[in-house]
1. Let me know the charge dipole size of region 434-576 about its Cα centre in debye, to the nearest 20, where only the beta-carbon of Lys, Arg (+1) and Asp, Glu (-1) is charged.
2. Sort 12-19, 282-289 by packing, meaning the average of other beta carbons within 10 Å per residue, with the highest value first.
3. For a distance above 17 Å, tell me the whole-number percent of Cα pairs in region 413-486 that qualify.
4. Report the Rg/Rh value for region 154-266, based on alpha-carbon coordinates and the Kirkwood definition of Rh.
5. Short version: what are the Cα gyration tensor semi-axes of region 9-64, square root of 5 times each eigenvalue, largest first, in whole Å?
6. Only helices at least 18 Å long along their axis, Cα-based, and averaging 0.5 or more on Kyte-Doolittle count here, so list those DSSP H runs from the chain.
7. Summing +1 for each Lys or Arg and -1 for each Asp or Glu, what net charge is found among the other residues whose Cβ lies under 14 Å from the Cβ of residue 431?
8. Mean shadow of region 221-341, computed from the convex hull of its alpha carbons, in nm²?
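No value in this document is a laboratory result; all are computed from the given coordinates. Model, not experiment: these values are computed from the prediction. Here the Cβ is made from the backbone with ideal geometry for all residues, glycine too, and neighbour counts use every protein chain on show.
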Amino acid sequence: MKLILSYLKHYKKMFALNVFSVFGFALVELGIPTIVAWMIDRGVTEKDTAFIFEMGGVILLVSLLGTAGTILLGYCCSYLSTSITRDIRNDMFEKTQEFSHREFKEFGTASLITRTTNDAFQIQMFLNILFRTALMTPVMTVGSIVLVLKASLSLSMVILGTIPFIVVGVIIVAKRSELLSERQQSSLEWINRISKENISGIRVIRAFTNDRHEKKRFDEANSAYMGYSKKLFKLMSVTQPAFYFLMNLAGMLIYWISSIMIEQGGLNIGQLVAFMDYLFHVMFSIMLFCLVFMMYPKAAVSARRITRIFDAVPAVENTSGEGGSPIRIDEITFDHVTFAYPDGEEAVLTDVSFTVKKGETIAFIGSTGSGKSTLINLVPRAYDVSGGRILVNGTDIRDIDLSSLRNSIGFIPQKALLFSGSIADNLKFGKEDASFEEMEEAARTAQAYDFIMEKGGFDVQITENATNVSGGQRQRLSIARALVRKPEVYIFDDSFSALDFKTDAKLRKELKKVLKDAVMMVVAQRITSIMDADKIMVLNEGRVAGAGTHRELLESCRIYQEIAASQLDKEELADD
Ligand SMILES: Nc1ncnc2c1ncn2[C@@H]1O[C@H](COP(=O)(O)OP(=O)(O)OP(=O)(O)O)[C@@H](O)[C@H]1O
């Protein structure tokens with residue numbers, strides 16, 4: 001409710017219109033039975049045809065007003081529920097943009113998608129019913145009860161007697177449905193997770209002929225979802241007939257009591273007709289209210305799941321909050337940096353120190369799992385250091401505006417990710433207003449120009465999952481994307497691994513020319529990709545095992561010698 005109220009305040013006028021239409025609707029609905037009672041008691045009983053016609057006209061007018069009110073009510077409800085849900089979805093999306101890797105890992109991709117889509121949809125459904133009935137129900141119930149009491153006190157007792165049964169029933173149903181809804185949402189998340197893994201990993205699954213196992217896994221999740229949904233439907237399908245049964249029972253009792261009263265002259269037919277109409281309204285209003293009440297637990301579960309996203313405090317905080325325009329970077333220093341992942345016990349990096357200046361290239365090499373990717377991810381603050389400091393021009397990066405810092409960095413990840421859209425759209429991702437010449441220059445440096453032309457130019461569309469470009473082409477496009485931006489710092493995370501040796505060498509030669517005024521940080525597995533670097537850091541189990549140029553390390557660092565011996569032939573080693 002808190003979540004809904006916080007959004008509702010942006011739609012005060014529409015909400016006021018909603019309230020107005022509810023009152024109009026109630027007035028009409030409750031007014032007609034009273035007019036019908038007059039018509040019967042005076043018009044029919046006293047055979048006053050003129051009065052009947054007169055009242056018929058009033059009923060027509062009131063009905064027209066009622067229809068207009070109902071249409072207006074429908075419009076307000078739809079507007080409010082869809083607008084609020086849109087705002088919630090937008091805010092959720094915006095909030096997830098602030099998330100660091102830690103929060104993404106904590107929530108999981110499937111869960112974030114389920115929360116943005118399904119949970120938001122549950123809220124929308126609830127809001128639609130809420131705005132339609134939550135206001136109407138109290139108005140109608142109170143109005144009907146007053147009129148019922150006025151019509152006949154003894155008959156009213158029958159209605160009032162059924163209300164406690166309804167209330168107890170609703171509470172039981174609501175409690176049970178909350179638990180089931182929570183489980184239903186979690187199993188939907190499970191389905192989404194498996195679907196996502198299967199769609200993105202279909203090649204691996206087929207290569208390992210694991211289709212049957214995956215089908216079984218999906219079936220388990222799907223059956224669990226079906227199980228909880230079935231229980232929820234069952235609960236709802238028992239509730240409605242039980243409610244109608246109560247209503248019919250009350251109706252039967254009223255007819256019985258009223259027949260005695262009419263016989264004794266304590267009630268006339270018109271009053272009975274009006275009374276039955278009011279009874280219908282009381283019961284109908286309570287039923288609608290029950291519907292809101294029964295939908296509430298499901299929506300409350302979704303609202304809680306959404307609120308958890310809003311309440312998450314990103315592990316990487318933007319303390320400065322200024323601007324966002326790139327900053328000049330002359331020097332990056334790692335000052336005794338230690339880092340452990342939030343869910344990891346041991347440090348992945350320990351006491352790492354180095355400085356790299358503008359125009360220099362620093363490379364990182366080491367066995368898999370030695371911490372290379374972790375180290376370079378600390379520069380754009382994917383995570384914050386656990387100990388020590390990372391300095392940019394002498395300032396701790398935690399004191400620099402996060403978007404300014406990130407806007408100054410061109411990050412080329414290990415797994416080149418392209419977005420659906422044209423090649424130009426992808427290249428402009430880092431610089432919206434990049435000119436054609438800038439894109440062309442970047443593509444040429446990244447050795448991507450020729451294949452872009454072969455494919456039909458910059459307007460060629462990248463398909464979903466970039467299946468129409470090879471792994472090496474994808475890497476070159478992601479390098480070109482970073483180059484278009486002309487950032488102050490380039491970070492290459494093993495970004496040359498899918499390139500053949502010739503293209504790798506050509507690309508590095510071109511990069512050297514273009515990047516002479518930038519800081520370049522390169523992670524590589526191949527020694528040939530980094531042997532020209534100004535400084536090479538050898539990492540071993542998160543510690544610096546050696547630092548220096550290729551030549552220096554060949555002489556002084558045992559681990560580097562071993563890597564070199566496994567990759568370079570004797571001649572190449574001798575040349576060095
Ligand atoms: N998101 C993460 N959460 C927890 N631990 C992680 C995470 N990412 C990496 N690690 C762990 O940190 C260690 C270093 O991983 P990292 O990817 O930095 O190594 P790397 O040297 O880049 O390896 P590779 O050459 O195989 O890419 C590994 O033990 C890895 O399991």
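1. Here the size comes out at about 160 debye.
2. My ranking of the peptides, most packed first, is 282-289, 12-19.
3. Cα-Cα pairs in region 413-486 separated by more than 17 Å: 30 percent.
4. Ratio of gyration radius to Kirkwood radius: 1.39.
5. In descending order, the three semi-axes are 35, 9, 4 Å.
6. 12-38, 49-98, 136-151, 153-200, 269-311
7. -3
8. 17.2
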